[in-house]
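*Asks:* Okay, handing you the structure first.
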Amino acid sequence: MNKFSRKDKVFDLLETNHHLLPVINRFGLGLGNKDKSIATLCKEKDINAEFLLLIINTFNNEEYFPEDELKAFSPLLIIDYLRKTHIHYNTYVLPKLQQLLHQLIKSDKTESKELLIIEKFYHKYKTEVLLHLKEEEELLFPYITKLINGTSRKDYSIHTFEKEHTNVDTKLKDLKSLIIKYIEPVYDQYICTEFLITLYDFEKDLNDHARIEDTILIPIVLDIERENNEN
Amino acid sequence: MKTNVIIIHTSTIVCEGLSFILQKNYQCDCKSYRTLDEWTQPEALQKPLILVEDIIANSAAYLKFMESANTPTSISITHNQNTTTPYNILINASEASIYECLDKYFVASPEQKEEAEGLSKREIEVLIEIALGYSNKEIADKLFISTHTVMSHRKNITNKLGIKSISGLTVYAIINNYINTDQIVISDLI
């Protein structure tokens, strides 16, 4: 698979993989930029081009994940990207899933209890996701920021956080199995299709998000903690 | 792919007993009737397997039905010790010989078997306890099996269904009516 480079244009990027749209939005790259290259746009908008390219290439190609190159970036840059991802989830994806599910239930003329139970299950899943995001925003990211700035507590470490960190992907997979295999299709199939596609896209994005956190961010922080303890 | 089975016998005990034995061992939908009249033969039932009391089987009405219908498979439930054809089950037959007779109507091709493969009876028992919120140890004690066995069952259940979380399994149990939803509050479970 070809890697995107600084010379590429946004249009070509999206033609290759339109799922990159939310990703480039997180960087504030934007549309309506005619034929400007990524290099030019990043310079104009004060975006770190190397970092952006790494993120979009790892998103586009699951097999491509140059850990060392990624670890060379400041954790603050990574946290900024992850924060923007959270905003996308909170303000767009989760409300969209909720709305589609609501429409799905309304489209069921038989008023079966199955979809209502699914709604309760989704609600539980959503609560878990929101908790996971909240933990990161209110505990993990501030801790890492303080660590970088040298103002963190001596007795707190990332292990404290990791132990309580919730695992969100199990229920998402269960939701897929339940809807695809076991729920009677008494609803509008187009609405269900849209719901599932949104769910699949969310899953892919979450996996990508988790990979950056677990394989890049956490190890960087562990290294810094180790260095601090040695001094 | 569940097989539809129709039982026509004047004895409730025979109907219930046969129904229980069949559902224990095969993927099937069983319906029983005391008389042929009771069975209105909806067209939706395609080629059901019919287990019928021999008196009814030999009646004119039944023979007429067999001629007109799409030659469903019909097995007589009989008192006659001498008959040993594949289309007879003795009223006092053992469970094993009942299965021996019926196996051929239910044993499916490997593909069908994989498609039809739902949870076994034991797995359903374990699933219900999981859904009700019991721990592995509590389930083991309740069902008189080891904790290790419970964990094995859980693994198999997850592999078969593609559902892992307790909430997810609970949803599955509820929508398949393994749990009586009149007696529990759904919000508590999920």
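The values are calculated or read from the model by the stated rules, or taken from the named source; none is laboratory data. Being a predicted model, the structure only gives us computed values, none of them experimental. Cβ placement follows ideal geometry from the backbone for every residue including glycine, while neighbour counts extend to all protein chains displayed.
*Asks:* Considering only residues that are among the hydroxyl-bearing types (Ser, Thr, Tyr) and in a helix (DSSP H, G or I), which ones fall in the range A:64-102? Steps first, please.
*Replies:* The first filter runs over the range A:64-102 and keeps only residues among the hydroxyl-bearing types (Ser, Thr, Tyr), leaving A:64, A:74, A:81, A:85, A:89, A:91-92.
A:TYR81, A:THR85, A:TYR89, A:THR91, A:TYR92, listed by residue number.
*Asks:* So in the range B:1-34, with the set limited to residues that are touching a Lys or Arg at 6+ places or on another chain (Cβ under 9 Å) and over 21 Å from B:LYS47 (Cα atoms), which one is surrounded by the most Cβ atoms within 10 Å (Cβ to Cβ)?
*Replies:* Ranking the candidates gives B:SER11 first.
*Asks:* If you take just the helices (runs of 4 or more DSSP H) that sit entirely in the range B:129-182, which of them hold at least 2 residues that are within 14 Å of chain A (Cβ to nearest Cβ)?
*Replies:* B:147-161, B:166-175
*Asks:* Report the residue count in the range B:69-92 for those that are among the small types (Gly, Ala, Ser) and at pLDDT 85 or above. Before you say what the answer is, go through the steps one by one.
*Replies:* Of the range B:69-92, the ones among the small types (Gly, Ala, Ser) are B:69, B:74, B:76.
Now drop any that are not at pLDDT 85 or above, which leaves B:74, B:76.
Residues in the range B:69-92 being among the small types (Gly, Ala, Ser) and at pLDDT 85 or above: 2 in total.
*Asks:* Assess whether A:ILE216 counts as being in a helix (DSSP H, G or I), buried (at least 18 other Cβ atoms within 10 Å of the Cβ), on the phi < 0 side of the Ramachandran plot and within 14 Å of chain B (Cβ to nearest Cβ).
*Replies:* On the way: in a helix (DSSP H, G or I): yes; buried (at least 18 other Cβ atoms within 10 Å of the Cβ): yes; on the phi < 0 side of the Ramachandran plot: yes; within 14 Å of chain B (Cβ to nearest Cβ): no.
For A:ILE216, the condition - in a helix (DSSP H, G or I), buried (at least 18 other Cβ atoms within 10 Å of the Cβ), on the phi < 0 side of the Ramachandran plot and within 14 Å of chain B (Cβ to nearest Cβ) - is not met.
*Asks:* In the range B:30-68, how many residues are at pLDDT below 85 and of a type in the set (Asp, Glu)?
*Replies:* The number of residues fulfilling the criteria is 2.
*Asks:* If you don't mind, another one. Take A:ILE38 and decide whether it is of a type in the set (A, V, I, L, M), touching an Asp or Glu at 6+ places or on another chain (Cβ under 6 Å) and in contact (Cβ under 8 Å) with a residue 12 or more places away in the chain.
*Replies:* yes
*Asks:* Somewhere in the range B:133-140, is a residue more than 22 Å from the chain's Cα centre (by Cα), within 21 Å of A:LEU115 (Cβ to Cβ) and either charged (D, E, K, R) or at pLDDT below 90 (or both)? Give the steps one after another, and end with the answer.
*Replies:* Just the residues of the range B:133-140 that are more than 22 Å from the chain's Cα centre (by Cα), to begin with: B:133-140.
Filter again for within 21 Å of A:LEU115 (Cβ to Cβ), leaving none.
Checked against the condition, which is being more than 22 Å from the chain's Cα centre (by Cα), within 21 Å of A:LEU115 (Cβ to Cβ) and either charged (D, E, K, R) or at pLDDT below 90 (or both), the range B:133-140 yields no hits at all.
*Asks:* Please go through (1) over 25 Å from A:LEU20 (Cα atoms); (2) within 14 Å of chain B (Cβ to nearest Cβ); (3) modelled with pLDDT of 95 or more for A:LEU175 and return the number of the only condition it doesn't satisfy.
*Replies:* The one condition A:LEU175 does not meet is (1).
*Asks:* Taking the options B:ARG154, B:ARG122, name whichever one is exposed (fewer than 15 other Cβ atoms within 10 Å of the Cβ) and either under 23 Å from the mean Cα position of the chain (by Cα) or of a type outside the set (D, E, K, R) (or both). Give the steps one after another, and end with the answer.
*Replies:* Numbers: B:ARG154 fails: exposed (fewer than 15 other Cβ atoms within 10 Å of the Cβ).
Within the list B:ARG154, B:ARG122, the selection yields B:ARG122.
*Asks:* Counting residues that are surrounded by 18 or more Cβ atoms within 10 Å (Cβ to Cβ), which helices (runs of 4 or more DSSP H) fully inside the range A:103-204 reach at least 3? Break it down into steps so the answer makes sense when it comes.
*Replies:* Details: elements: A:113-135, A:141-149, A:158-164, A:169-177.
By residue number, A:113-135, A:141-149, A:169-177.
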